[in-house]
Every structure is written in C-alpha cells, then in structure tokens.
1. Looking for something at the interface with chain A (Cβ under 9 Å from one of its Cβ atoms), crowded, with 17+ Cβ neighbours inside 10 Å and not in a helix (DSSP H, G or I) - is there at least one such residue anywhere in segment B:125-138?
2. Within segment B:74-85, is even one residue farther than 28 Å from A:GLN57 by Cβ and small (Gly, Ala, Ser)?
3. Given the options A:ILE19, A:ILE94, A:ILE11, A:ILE39, name the one that is within 23 Å of B:VAL105 (Cβ to Cβ) and surrounded by fewer than 19 Cβ atoms within 10 Å (Cβ to Cβ).
4. Condition check: of a type in the set (A, V, I, L, M), within 15 Å of A:VAL22 (Cβ to Cβ) and modelled with pLDDT under 85. Does B:ALA90 satisfy that?
5. Just checking, how many residues over segment A:28-42 are more than 12 Å from the chain's Cα centre (by Cα) and facing chain B (nearest Cβ under 7 Å)?
6. List the pairs whose first member sits in segment A:56-70 and is closer than 19 Å to A:GLU38 by Cα and facing chain B (nearest Cβ under 7 Å), whose second member is among the hydroxyl-bearing types (Ser, Thr, Tyr) and crowded, with 22+ Cβ neighbours inside 10 Å, and whose Cβ atoms are under 6 Å apart, counting only residues at least 6 apart or on separate chains?
7. So if I check each of B:PHE50, B:PHE43, which one is under 18 Å from A:ALA47 (Cβ atoms), in contact (Cβ under 8 Å) with a residue 60 or more places away in the chain and either more than 8 Å from chain A (Cβ to nearest Cβ) or not in a loop (DSSP other than H, G, I, E, B) (or both)?
8. Is one or more of the residues making up segment A:39-54 closer than 21 Å to B:LEU88 by Cα and part of a helix (DSSP H, G or I)?
Amino acid sequence: MQGIPYEHGLILASILFAIGLVGVLTRRNIVFLLMSLEIMLNACGLAFIVASARWEQADGQVMFLMILTLAAAEVAVGLGLIIQLYRRYHTVDIDRLSEMKG
Amino acid sequence: MTLLFYLAGAVAVISTLCVIVQTNIVHALIYLILSLLAVAVVFFSLGAPFAAVLEAIVYAGAIMVLFLFVIMMLNLGQHSRDQERSWLQARGWILPGTLAAVLLVQLLNVLLVIDHDFVPTEVGVLEVSALLFGPYVLAVELASILLLAGLVAAYHLAKK
C-alpha cells in the first residue's frame, strides 16, 4: 500500500489553522469568532493525530482528547457569555462592546 | 486509504473556507459540521479510529448542537445577514488575509523540507485507553474538573 507523506497531514493542519486565523481576524460577529476558534483548535488536534500516526504512539490521541475537552469547556463558557451580552446590549458586534475598559 | 485522505482533506479545506465567507450563520454552521466530519474521515485514514469517532460524536454532535441552540436563542434574522454583508468588504479582509497567507507560506516552507512516506498503522482504542488510565490518569481527572468548571460557569453566566 502506498503511504501518505506525513508532512501532507501537517500541511492540511496548517491550511485549516490559517483559514481559522483569517476568520478570527476578519469577522465582527462574535459567534463567527467562536466558530473560527473551533476551526483553529481542531487544526491543532489534527496535527497531534498526524504526529501520533507517524510515530505509531497513542500519546498524540491522548493530547487530542485533552484538546477536545478544552474546546467543549471553552465553547460552553463562550456561548454563555454571548447569551448574556446579547441580553444586555442586543448586539453580536464585538466593536460595540468596547465599554469594558479595565 | 491514501485517496481517502486527500479527498477528505480537500473537502475539509473547501468547507472551512465556506464557513468564514458565509453571511448566513446557520449555513456557516452546517458547513462547519461538514468540515468536522471530513476531518474525522482524515483521522480514520490516518489510523486513529477512536479519535475519528470522538470527533464525530463530541465535535460534530455535541459542540455544534450547543452552537445551534445559541443561534436559535439569539434569533438573528435578515437584518443581521445584511449587516454581515456590509462588514465583509474587501478592505476589511485583504490585510488580515495577506498576513495569514504569509504565515502559511512560511509554515509550508518549513514543512516541505522533510520528506518521509509512512504507511498508517492503526493505533486503536486499546492503546489509547491503556495510556489514558496509565500515565495520563491525572490529566484525565484534571480534564473532568475543567469540564465541571465549564458547566458551572456556563450555568452561572447564562442565568437571567
């Protein structure tokens, strides 16, 4: 069977990460921002899985599980914040939320 | 398996691109689910079936359902779609897009130097579980505490 060059997996992870980065930098809707963060976290997980497959060790998959847990906790807290923000300001525009100045 | 990897990778990249250029938030979410499922197929083709199953269940299932519920609660209609379209002007994304592309090219430059083929061998549930409940048992406990903290915080924040 023909093998997969493992840098191709890492290249896929970097492309997904860059797309997520563009999303974080360009969007102003806070829900889109959270979705772009998810894309970036997922790309990191993909890089760990590629490394795990390359060296045939399960450690990379364990790290992926940790990233999954982190993403779940982050999304729960982030979405709770979004609901509270929407209740108070009736907007999802992050530029309108500049009142929080320390 | 090789064909599966490249096919699923292409689907993941295209659908992720669709996520960040969408103006309708529900369509973006559906594209994101497609992207996550494609990444799950990539995991499977790399010989990580346990991670693939978790990606489909936890990411594409649980986390995306959370997003869907919040979007339904926010009830964003036509107005927000027009607003999104006005925000997505070229002058808003050309500079960040160029910067991210430069970073990507640098990363690819580093990655293309090395060249080793490998045939993916399956690292199954048994090996992962043996590690999880062996050397990484403290990390598993800490992850459960993190999830508990997330639960309490989300309950407190979203309360009226």
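1. yes
2. Restricting attention to segment B:74-85, the residues satisfying the condition of being farther than 28 Å from A:GLN57 by Cβ are B:74-85.
Going one step further and asking which of them are small (Gly, Ala, Ser), we end up with B:77, B:80.
Looking for residues that are farther than 28 Å from A:GLN57 by Cβ and small (Gly, Ala, Ser), one finds at least one in segment B:74-85, hence yes.
3. Numbers: A:ILE19 fails: surrounded by fewer than 19 Cβ atoms within 10 Å (Cβ to Cβ); A:ILE94 fails: within 23 Å of B:VAL105 (Cβ to Cβ); A:ILE39 fails: surrounded by fewer than 19 Cβ atoms within 10 Å (Cβ to Cβ).
From the options A:ILE19, A:ILE94, A:ILE11, A:ILE39, the qualifying one is A:ILE11.
4. Details: of a type in the set (A, V, I, L, M): yes; within 15 Å of A:VAL22 (Cβ to Cβ): yes; modelled with pLDDT under 85: yes.
Yes, satisfied.
5. From segment A:28-42, those more than 12 Å from the chain's Cα centre (by Cα) are A:28-31; that's our starting set.
Then drop every residue that is not facing chain B (nearest Cβ under 7 Å), which leaves A:28-29, A:31.
Number of matching residues: 3.
6. A:GLN61/A:SER52
7. On the way: B:PHE43 fails: in contact (Cβ under 8 Å) with a residue 60 or more places away in the chain.
Residue meeting the stated conditions: B:PHE50.
8. Applying the first criterion (closer than 21 Å to B:LEU88 by Cα) to segment A:39-54 yields A:39-40.
With part of a helix (DSSP H, G or I) added as a condition, the list becomes A:39-40.
Yes - at least one qualifying residue is present in segment A:39-54.
The values are calculated or read from the model by the stated rules, or taken from the named source; none is laboratory data. All figures in this text were calculated on a predicted structure; none of them were measured in a lab. All Cβ positions, even for glycine, are placed from backbone atoms using ideal geometry, and neighbour counts span all protein chains on display.
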